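Report on the structure given below.
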Amino acid sequence: MQLTPRTYQTIEDYWRIREFLRQVMILNQRRELSWHVARWDYWWWFANVDIEKIPPEESIFLWETPDGEIAAVLNPEGHGQVFLQTHPAFRTPGLDHEMLAIAEERLSITGADGRRKLQVFADSQDHAIHQALSRRGFQRVERPGEQELQHRRSLDDPLPERIHSPGYTIRPLGDGLELLERCYASGLGFHDDNIHTARNNRDHPEWYHHIQNAPLYRRDLDIVAIAADGSVASFVTAWFDDVSRTAYLEPVATVPAHRQHGLGKAVILDALHRLQRMGCKVAFVGGYSQPANALYFSVMGPEYDLSQPWEKVIP
């Protein structure tokens, strides 16, 4: 079938891509062989607006069937990093090569060394795309911390009991000033106790309002561990998609001063129990570092897919 490529045009394309990702998730047997719709939302409403600032009209590409159905999407996440989302019914070597060619031409970036580079993320078991990448001169990146373990847990099975953490209360995020505490905790948890970043997060909470504007955001799935002094010690936000009946956990962190108390596991388990009651079938969370992956294995179990970056220096 002849597919027609084009660039992102209007907000209607954002909504169409959301539905496309939902259907592909179901067709892929609820595995992250393409993005979860929540990852798309998170990038759209927060990461791109507040951090990356990449114009979608210049960076998102759609391939459509003659009757207008989306067959594939090429999109960035970070400058010079791209992902190929393909409907399994339309996947061909020719389409893989066409998507990679456009990525090289339109989405590569020039590094500090003056060379143009591109990273493409691919599933470790997708041998067809590996062949396409190799033929186009890409090499798999073996550097530590750049591969994503995409942990998944079936919620059809019984879950461990919730963890009681003495001195802490595990519950959904509250109102008012607690949102500012959540912003502050994010700065500490993700930036090694960097007080400057934490204060900036708290003084300018618009970024968190952007997250809360995302279509799948629910306050009852924005789980925090509250310390005795009222501060946010640990947190996880769960995003439940009731179409695919899957959930995505992002972000997850614990403030350094409150680590080694089992709080990361406690907030994740609380979220999983809530998701299970809602009818969620599978939950996902992605990890890059050894400590993060150790936590996720302990609560999510042994099943995961591996997303690997492939890199090319473009002449």
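Taken together, the values in this text are just the output of simple stated rules run on the coordinates, not laboratory data. Since the model is a prediction, treat every value here as computed from it, not as a measurement. Cβ: placed from backbone, ideal geometry, glycine included. Neighbour counts: every protein chain shown.
Quick notes on this structure:
- Size of electric dipole in region 168-280: Cβ of Lys, Arg +1 and of Asp, Glu -1, about Cα centre, debye, nearest 20: 320 debye
- Here's the picture: charge each Lys and Arg Cβ at +1 and each Asp and Glu Cβ at -1 in region 190-315, and of 191, 273, 298 the one pushed furthest to the positive end of that dipole is 273.
- Put in line by how crowded their Cβ is, counting other Cβ atoms within 10 Å and starting with the fewest, 53, 312 read 53, 312.
- For region 217-315, a crude dipole built from +1 on the beta carbon of Lys and Arg and -1 on the beta carbon of Asp and Glu, taken about the Cα centre, is about 120 debye to the nearest 20.
- In region 79-162, Rg over Rh equals 1.09, where Rg is the alpha-carbon radius of gyration and Rh the Kirkwood radius from pairwise Cα distances.
- Residue order for 289, 186, 34, fewest other beta carbons within 10 angstrom first, comes to 289, 186, 34.
- Listed by chain and number, the aspartates and glutamates whose C-alpha is less than 19 Å from the C-alpha of residue 53, apart from same-chain residues fewer than 8 away, are 13, 41, 77, 206.
- Computed over the chain with a Gaussian network model linking Cα atoms closer than 10 Å, the most mobile of 199, 171, 135 is 135.
- Per-residue extension of 0.36 nm, minus the Cα-Cα distance of residue 229 and residue 10, leaves a gain of 74.2 nm for this segment.
- When the alpha carbon gyration tensor of the chain is reduced to an equivalent ellipsoid, the three semi-axes, largest first, read 34, 22, 19 Å.
- For region 168-280, the share of alpha carbon pairs falling in successive 10 Å distance bins from zero is 15, 48, 31, 6, 0 percent.
- For 175, 96, order by how many other beta-carbon atoms lie within 10 Å, fewest first: 175, 96
- The chain: relative contact order as a whole-number percent, Cα under 8 Å and 6+ apart: 23 percent
- Two-decimal Rg to Rh for region 99-234 - Kirkwood Rh, Cα set: 1.09
- Taken over region 244-298, the percentage of Cα pairs per 10 Å bin, counting from 0 up to the bin with the maximum distance, is 21, 53, 23, 3.
- Cα centroid of region 188-252 to Cα centroid of region 107-169, whole Å: 21 Å
- Student exercise, the chain dipole from Lys, Arg, Asp, Glu Cβ charges, in Debye to nearest 20: 480 debye
- For residue 54, distant residues with modelled amide H under 5 Å away: none
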